[in-house]
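S.K.: Can you read through this structure? Questions will come right after.
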Amino acid sequence: MAFTFNYSRATHYSDSGQKALDPSGFSHSFSMTIKLTSDMFCDRAWTYTNGVLDKTVAFTSAEKNTISYWLYKNEIYDPIEMVFVTSFPTLSAPAPTTKDDVNIKIHMDPNTFATGISASGGSPELTITGDVLSVTHAVRSTTTEQ
C-alpha cells in the first residue's frame, strides 16, 4: 500500500513583490497491489440491455466485499468508500518515549483497476489506485490498537 499526500498551494505575489503560497486544496492518492484469488470475485453478473447497464443488481452483504461489487459500483457511477486502518510499531524516537506506535485511518475511493501476470509468471495481480478522501486518524500512541 502506498500513499501520496499532495497539499496544493496557489502561487501569487504580494504588493511588495514577495512570492506567497496559499492553500488551495489537496489531491491525495493511493495505490495497492494484491494477488488475485477466485474468492475475491462473486458469481453475480450484471448485463447491458440495448447499451444500458442494469442498475438493479442486488448483491448480498458478503458479495459487497468482492472486487466484482467494486467494479459494478464504479460501472454505475456510484463509487464505494474503502477504509484503510493500520497500526504499526516504529523505531524509538531520539528522546525516550513510551509512544512508539502509529495508528492511521484513511478513507479512499478506489477507481482504477489494472491486472496482469508478471513477466516471471505466477499468480495474477490486481493494482488498485484511487483518491484519498480523508485522513481521519494519524497519531502516535502507546499501543497499536485503534
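The values are calculated or read from the model by the stated rules, or taken from the named source; none is laboratory data. Predicted model, so just to flag it, every value in this text is computed and none were measured. Cβ coordinates were reconstructed from backbone atoms using ideal geometry, including for glycine residues, and neighbour counts include every protein chain displayed.
S.K.: Mind listing whichever residues of region 55-68 are in contact (Cβ under 8 Å) with a residue 24 or more places away in the chain and either under 16 Å from the mean Cα position of the chain (by Cα) or not in a helix (DSSP H, G or I) (or both)?
M.R.: THR66, ILE67
S.K.: Let me ask something else. Could you list, in sequence order, the residues of region 72-84 that are surrounded by 14 or more Cβ atoms within 10 Å (Cβ to Cβ) and part of a helix (DSSP H, G or I)?
M.R.: Within region 72-84, TYR72, LYS73, ASN74 qualify.
Yes/no per residue for (1) farther than 20 Å from PHE113 by Cα; (2) in contact with a Gly (Cβ under 6 Å, 6 or more places away or on another chain); (3) not charged (D, E, K, R):
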{"residue": "SER8", "(1), (2), (3)": "yes, yes, yes"}
{"residue": "SER14", "(1), (2), (3)": "yes, no, yes"}
{"residue": "LEU36", "(1), (2), (3)": "no, no, yes"}
{"residue": "ASP39", "(1), (2), (3)": "no, no, no"}
{"residue": "CYS42", "(1), (2), (3)": "no, no, yes"}
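S.K.: I want to confirm something. Restricting to region 25-40 and keeping residues that are part of a loop (DSSP other than H, G, I, E, B) and touching a strand residue (DSSP E or B) at 6+ places or on another chain (Cβ under 7 Å), which single residue is surrounded by the most Cβ atoms within 10 Å (Cβ to Cβ)?
M.R.: Applying the filter and picking the extreme gives HIS28.
S.K.: Let me ask something additional. Under the condition of being of a type in the set (S, T, N, Q) and over 27 Å from GLU125 (Cα atoms), which residue from region 46-71 is surrounded by the fewest Cβ atoms within 10 Å (Cβ to Cβ)?
M.R.: Once the filter is applied, the top-ranked residue is ASN50.
S.K.: Next up: Would you please list the contacts, defined by Cβ atoms under 7 Å and residues six or more apart or on different chains, that run from a residue in region 121-144 that is in contact (Cβ under 8 Å) with a residue 40 or more places away in the chain to a residue that is outside any strand (DSSP E or B) and among the polar types (S, T, N, Q)?
M.R.: GLU125/SER118; THR142/THR98
S.K.: Output yes when any residue across region 68-75 is at pLDDT 90 or above and among the charged types (D, E, K, R), and no when none is.
M.R.: yes
S.K.: So if I check each of ASP22, ASP43, ASP15, which one is assigned to a strand (DSSP E or B) and loosely packed, with under 10 Cβ neighbours inside 10 Å?
M.R.: ASP22
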